[in-house]
Amino acid sequence: MFTNETYLKVYPTQTVSVYFANGTNVTTPLPHQVKTLDKEVLVGDVNGTTVVMRIQEITYTSNVTFFNFLRPLGHLMHHRFLFSNFNITNFNGYEVVYFSNNIFPRTYLLAIKGNTIVNVELNMTATQQQMLDVLSNLS
């Protein structure tokens, strides 16, 4: 587990891998090259529970379409019943997918805008508005 680690990687690649807290790993080829990958891991305490928030910002060499953005999530979209809350919306120019689970506390927010994808993962349940506030504070 990465704790209190922030880094920026710059490299060309033809694939993107998404690693989810439930152990699911998805690697998919994309018609865009990754220009930069910025990751931050925040660790804190909420009511005696350790909370970990992982934020990834991936910048591509060209704009990413919503279709390409959702391709890696196909397996999750297929199993939407696993998430108690699911929504697709627009926010501050981003197209956003939000989903969370109350039984196994997890929250995900994936946002696309131009050539940037932002992935926020939280090991507790948060509302859509709380996750949008995180996205808003990243800009």
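The values are calculated or read from the model by the stated rules, or taken from the named source; none is laboratory data. Everything quoted here is computed from the prediction, not taken from an experiment. Cβ: placed from backbone, ideal geometry, glycine included. Neighbour counts: every protein chain shown. Accessible surface areas use protein heavy atoms only, side chains included; no ligands, DNA or RNA. Shrake-Rupley method; radii C 1.70, N 1.55, O 1.52, S 1.80 Å.
Can you give the accessible area of Ser62, probe radius 1.4 Å, in Å² rounded to 10?
For Ser62, the solvent-accessible surface is approximately 50 Å².
Ordered by packing density, taken as the mean number of other Cβ atoms within 10 Å over each peptide's residues, highest first, how do 43-56, 108-121 rank?
The packing order, highest mean first, is 108-121, 43-56.
So for the pair Asn137, Asn115, with labels modelled 7 Å out along Cα→Cβ, what separation do we get in nm?
Here the modelled spin labels are 2.9 nm apart.
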